[in-house]
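Notes follow once the structure below has been shown.
Every number here is computed from the coordinates shown, using simple stated rules; none is lab data. This structure is a prediction, so every number in the text was calculated from the model and none was measured. Neighbour counts run over all protein chains shown; Cβ positions are idealised from the backbone, glycine included.
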Amino acid sequence: MKIAILGAGNVGAALASAWIRSGHQIVFGARDAASPKTASAAARLGARVAAVPTAAAECDIVVLATPWDGTRAAIESCGSLAGKTVIDCTNPLKSDLSGLAVGTENSGGELVAGWAKGASVFKCFNQTGAENMADAARYPTRPVMFVAGDDAARKPAVLQLARDAGFEALDAGPLSAARVLEPLAMLWIHLAYRCGMGRDFAFALTRPR
Ligand SMILES: NC(=O)c1ccc[n+]([C@@H]2O[C@H](COP(=O)([O-])OP(=O)(O)OC[C@H]3O[C@@H](n4cnc5c(N)ncnc54)[C@H](OP(=O)(O)O)[C@@H]3O)[C@@H](O)[C@H]2O)c1
């Protein structure tokens, strides 16, 4: 698949490396397509760089890997996203990382769906650290990745992209489940930074025999 990733930072680069290993083609949509930093990150990974609207126009799948406070601008700079699959990896974090700026009766994912008019929006790849997205296979049990979104026809492709990145992919229901997936990300951040666990852990799912 040809996938546009907006943001070539921790999450964008991690997903690009995992998906390129799985045979996908990646184009980073950058605000500054001539940025040497983005060009060298892309070259190292085997991805391309294009201006945001060009990358979004080229691909049926557009991944948001931008800081929350830049996400609306990133979406608006795409031009129309109608008909696209948009995968929202963002977390609506407060700037001091002390908590979520949106929640319980709304979610970042639902706000994204309002901004990306006409797109099928999925919340995914927000619930674990970027290192785990780059290399989920380093764990003895496959880490879990939940996918929330309303478009049943397109959800299997998003679940497959989570599997392609090495996760046990689970359908978490409609996009409104972003209201619980974003706090799940907050739990990961809380454990990593407030509870001193560091970043080398991932959530996994187990079931009775
Ligand atoms: N880091 C993690 O472990 C992790 C895990 C799960 C979810 N998340 C979430 O994923 C998102 C990205 O996190 P990150 O750690 O990858 O951030 P990051 O390393 O700071 O990278 C952010 C990227 O977004 C780009 N960007 C910013 N505004 C943009 C715009 N308007 N158009 C296009 N690109 C734009 C930046 O490019 P410039 O060079 O132009 O600034 C940069 O490449 C956040 O919402 C975060 O909460 C992070």
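Quick check: residue separation of Thr104 and Leu205 times 0.36 nm, minus the Cα distance between them. What number comes out in nm? Please report the intermediate quantities before stating the final value.
On the way: separation 101, 0.36 × 101 = 36.36 nm, distance 2.35 nm.
Taking Thr104 through Leu205 to full extension adds about 34.0 nm, to one decimal.
Going by how many other beta carbons lie within 10 Å of each one, how would you line up Cys195, Cys89, fewest first? Mind showing how you got there, number by number?
Details: Cys195 9, Cys89 25.
Ordered by Cβ neighbours within 10 Å, fewest first: Cys195, Cys89.
How many percent of all Cα-Cα pairs in the range 2-194 sit more than 23 Å apart?
Values: 6770 of 18528 pairs.
Counting every Cα pair in the range 2-194, those more than 23 Å apart make up 37 percent.
Karplus couplings for the range 198-206 from phi (6.51 cos²θ - 1.76 cosθ + 1.60, θ = phi - 60°), rounded to Hz, Gly and Pro as x?
Listing the rounded values in order: x, 9, 8, 7, 8, 7, 9, 10, 10 Hz.
Give me Met133, Met1 ranked fewest to most by other Cβ atoms within 10 Å of their Cβ, as a rough exposure proxy.
Details: Met133 29, Met1 16.
By the 10 Å Cβ count, ascending, the order reads Met1, Met133.
Among Val27, Val52, Val180, rank each residue by its count of other Cβ atoms within 10 Å, from fewest to most, as a rough exposure measure. Numbers along the way, then the final one.
Numbers: Val27 20, Val52 25, Val180 16.
The fewest-first ordering by Cβ neighbours comes to Val180, Val27, Val52.
Note down the relative contact order for the chain as a percent, whole number, built from C-alpha pairs under 8 angstrom at least six residues apart. Don't skip to the answer; put the middle values down first.
Working: 420 pairs, mean separation 39.2, N = 209.
It rounds to 19 percent for the chain.
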